[in-house]
Amino acid sequence: MTLVSGASRGVGLATARALLQAGAKVVITARGGERLERSRAELALLGEVEAVQGDVSLYADAERMVAAAL
């Protein structure tokens, strides 16, 4: 399982897409829930992806993100 932060757009989304195309299982994270869910739905066409909303600068959010990837 791979964890990609900032994956609702830009470089993070492109990274998640490339990892899924390479066969990885991916957990994507971002602060914005609506955009994150749209990205998850798009990426789900490529493989196994889970979305966790949160802010990596907040310890509790970061813990949830890592737990989802384990």
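Points worth noting:
- The chain, accessible area per residue, ligands and nucleic acids excluded (1.4 Å, Å²): 60 Å²
- For segment 20-70, GluC sites (Glu not before Pro) are listed when DSSP marks them as loop and at most 13 other Cβ atoms sit within 10 Å of their Cβ; the list is 48.
- GNM top mover of 52, 27, 11 - the chain, alpha-carbon springs below 10 Å: 11
- Within the accessible area of the chain (1.4 Å probe), percent carbon and sulfur: 54 percent
- Exposed trypsin sites (Lys or Arg not before Pro) absent - longest run of the chain, DSSP non-H/G/I/E/B, at most 16 other C-beta within 10 Å: 32-70
- Computed from the alpha carbon atoms alone, the convex hull of the chain holds 61 Å³ per residue.
The values are calculated or read from the model by the stated rules, or taken from the named source; none is laboratory data. Worth saying up front: this structure is predicted, and the values here are computed from it rather than measured. Every residue, glycine among them, receives a Cβ derived from its backbone with ideal geometry; neighbour counts consider all protein chains shown. When the accessible area is computed, the model is the full protein with side chains, heavy atoms only, and any ligands, DNA or RNA have been set aside. Shrake-Rupley method; radii C 1.70, N 1.55, O 1.52, S 1.80 Å.
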